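Below is one structure; the comments refer to it alone.
Just so it is clear, none of the values below were taken in a lab; they were calculated from the coordinates. Please read all numbers here as calculations on a predicted model, not as lab measurements. Because the Cβ atoms are built from the backbone with ideal geometry, glycine has one as well, and the counts that use them run over all protein chains shown.
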Amino acid sequence: MNRTILLGALGLAAGIAVLAPMTAFAQSSESIPMEFFAGATGYGDEEAIEKAIAAAKYRGNQAGYFNCETLGYSWYEYGGRVHASATVRCYKDMGPPPTQPPTQPPPPPTIYEPVRGNNGADHTVSWSTPEPARYALEQSVNGGGWTERYKGYGTNWTAPLAAPANYRYRVKLITNAFEVYSSIVSIEVSTAPPPPPVAPSLVAPTHTVTWIASPNADNYVLERSVGDNSWGRVYSGPANAWTAVDMQAGIYHYRVSACSNGSCSTASGESVFQVLVDIAPVLQYTLYP
């Protein structure tokens, strides 16, 4: 559907354009107006229209015309993308040069190293600026082109269950006059995690739980449940054995996950350990596939 809005400020909600009065610019008698037109594409109405307006203003700025106001815009969907066009009116001041220096771009936003989630695949990217602002977060996968993943006033975004790859991120600060990029940060989501080792069974108050090493694993996470299906981590490290000391009599469930480069496998099957206080020697039970 082709939609055209004239004399409207950009405002979209649920696919409906909302009209608003044009911004009034104080122009001297020596200001010369000129209209500029440009088109752009995007994945949504707002993105495509925003790009088209910015491109039209940029054309005016390149020609020496500033103080631009939006006269109208239109858009339509084709081929899975939104195509938009916009017309702006800009002014060239023919009077004496301004006494104030031109506006300088704001400092770039600060972007922080991605933080890996507990499962090794989720990761969160955060950023900041001295004052609240509007941002666009862009992502590059394995050195490819940049794709916009987030736009808004938030200062963080999480990639859920990211597939194994190298991810690069940069964030763009969006103002009325400038678009300023941060530096680039990256994170490596490892290749497929190793298969989970088999879990542990049986024992005295002090007992050692062991498991078979997994190929390429550099870390293991051992969890224990006391029968209420609530799991708690009791060990995390490179060894494939852990000793419980002076446990009370009862039934304990153990499971283990293997990790490589920060990405962990799903948990293994459960092994049931029944602690008997009348067993004197320390028992050790080794799991096999």
Once the piece of chain linking SER128 and MET34 is laid out straight, how much longer is it, given 0.36 nm per residue of separation minus the C-alpha distance between them? 30.1 nm
R0 = 22 Å: FRET efficiency of TYR181 with GLU77, Cβ-based, nearest 0.05? 0.15
Any lysines whose Cα falls less than 16 Å from that of LYS57, other than same-chain ones fewer than 8 residues away, would be LYS92
For THR147 and VAL115, calculate 0.36 nm times their separation in residues minus their Cα-Cα distance, and state this gained length in nm to one decimal. 9.5 nm
Förster radius 22 Å - calculated FRET efficiency between ASN166 and SER236 (Cβ-Cβ, nearest 0.05): 0.30
Check cross-link reach from LYS51 to the aspartates and glutamates: straight Cα distance under 18 Å, and skip same-chain residues fewer than eight apart. GLU35, GLU69, GLU77, GLU138, GLU148, GLU179
Kindly list the residues of region 247-273 that lie in the label zone of GLU188, defined by a backbone N under 19 Å from the point 7 Å along the Cα-to-C-beta vector. 259-265
Net length gained if the chain between ALA249 and GLU69 were fully extended (0.36 nm per residue, minus Cα distance): 57.0 nm
